[in-house]
1. Being closer than 23 Å to residue 301 by Cα and of a type in the set (S, T, N, Q) is the filter here; which residues of the range 210-240 pass it?
2. Name the residue that is nearest to residue 143 (Cα to Cα), counting only residues in the range 372-392 that are touching an Asp or Glu at 6+ places or on another chain (Cβ under 8 Å) and crowded, with 23+ Cβ neighbours inside 10 Å.
3. What are the residue pairs meeting all of these: first residue in the range 299-325, first residue of a type in the set (Asp, Glu), second residue open to solvent by 10 Å² or more (accessible area, probe 1.4 Å) and more than 14 Å from ligand 1 (Cβ to nearest atom), Cβ atoms under 7 Å, and 6 or more apart or on different chains?
4. Taking the range 99-125 as the region of interest, how many residues are under 19 Å from residue 247 (Cβ atoms) and either buried (at least 20 other Cβ atoms within 10 Å of the Cβ) or not acidic (Asp, Glu) (or both)?
5. In the range 193-207, is there at least one residue being within 16 Å of ligand 1 (Cβ to nearest atom), open to solvent by 30 Å² or more (accessible area, probe 1.4 Å) and within 24 Å of the chain's Cα centre (by Cα)?
6. Being closer than 19 Å to residue 25 by Cβ, touching a residue at least 60 places away in the same chain (Cβ under 8 Å) and not in a loop (DSSP other than H, G, I, E, B) narrows it down to one residue among 361, 352; which is it?
7. Consider residue 151 carefully, then state whether it is away from ligand 1 (no atom under 16 Å from the Cβ) and in contact with a Gly (Cβ under 8 Å, 6 or more places away or on another chain).
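The values are calculated or read from the model by the stated rules, or taken from the named source; none is laboratory data. The structure displayed is predicted, hence computed values, not measured ones. Cβ coordinates were reconstructed from backbone atoms using ideal geometry, including for glycine residues, and neighbour counts include every protein chain displayed. Remember, those area values only see protein heavy atoms, side chains included, never the ligands or the DNA or RNA. Shrake-Rupley method; radii C 1.70, N 1.55, O 1.52, S 1.80 Å.
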Amino acid sequence: MSDKIAYRGSLFYFKDSATIANLPINKDKQSEHDCQYVYIEDGILIVESGKIIEAGNYADLKNKIVDIKLVDYKGKLITPGFIDTHQHASQSAIVAAYGDKLLEWLDNYVFPAESAYSDDASADKDLNFFLDQLVRNGTTTAVSYGPLFYNASDIFFEKLKERNMRFITGNILMDENAPDSLRLSTQENYDNCEKLISKWHNTNRLSFCISPRFALACSEKMLELCGTLKKDHPDCYIQTHLDENVNEVIEVQKLFPWSKNYLDVYDHYGLVTDRTVFGHCIHTTDAELARFKSSGAIMSWCPLSNNFLGSGLFDFGRALKYTDRITLGTDWGAGNRLSMFAVMDDAYKVSMLNNVKLPSMVGWYMATFGAAKALKLESKIGNFAPGKEADFIVIDADASPYLKYRREKVSDIFEFLFILMTLGSEENIEATYIYGKPAYINQRNK
Ligand code: GUN
Ligand code: ZN
């Protein structure tokens, strides 16, 4: 029996052809040629067997939907789910930790909290909580650091499978400069990756991510083995941290005196690839940025975290001169919100501090289709082209009084997206659908 359903509401998504460079950044620049998005005020999204069948005007499609179930979200915005490209699934217990910058924060808060994941039952409970919160915030895909321990990582994959999420994750790797409770031998880390890859990589909607925590927590042997894993499994992703904090950069130079710069440490082991996501990238040199350009490596800009830990201001205008593979991450753990609205809001403010305006179209692009493209997932997720996987959210601007009030004065989609990105929060997520099935329905009015 067909499970075809039509959803009625306003639709917004980017076209397959969109890139940061060709986005219209304000209404004056809008033309047929640079119109890289679709906005339909009264639209219909038709979904069947987890895939998008069609998106269009209600008036045009209403005859096609007479016999199928209709879910009415009129007045609400239906848009692709958010993609968070940097987060730590095992840091929920220490979010909003007071008073420390990166290296002290890791020692005082993060490492003790992550050690608790050696207990399978508490890992299970924490990870469930985390994923419930993620969908409550409208995020349907993420690049995520899983726990260090094999069992906890396996539990995480199992939960992602049950929820049928498109997800990129792997066990976080560290074999040096860590407390005993959080240090596995180099070989054990490697073996855990191999086991998790053979069990989970490319199963369901899951991809494995080789996840060396950062250069300071990995021996040269560990980094070398990460390179071996990448060679043996070329379509695995890689994630790590880069140039987040000034003291971190100094320590890396001391530990790897042969390196030309921080990125060069990873490059030496074959870890700078077009499937590598580098979190932060704040204190970058020109040589490092040039290497982003030549390698196609992906940046994850995490302004919530950078502000929370006082790490610094990502220079979006400068980075954009070298690469358009710039995405957004919460860095949940150091980032104190799981909401991509909050990330876009802080990204805008950080840009203003750098005297660069961040247009709403660019913010939304980086949080949705731009991230899908950077991750080479654009044929699967990120917009409503027919055949794409139906991961979408319903945004109810009227759920918050400020947005409801402010919305009445909005003149176009550019401004509407801007007030959403700077005033929106999880209270505005009415529903989150994963592969065509409701993963979260806001119970506010129910
Ligand atoms: N660098 C190394 N580990 C971490 C981490 O857990 N969070 C952040 N923000 N930076 C890191
Ligand atoms: Zn991080």
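1. 211, 239, 240
2. Across the range 372-392, the extreme among qualifying residues is 372.
3. Close Cβ pairs satisfying both conditions: 315/354; 324/19; 324/20; 324/21.
4. 10
5. no
6. 361
7. Criteria not met by residue 151.
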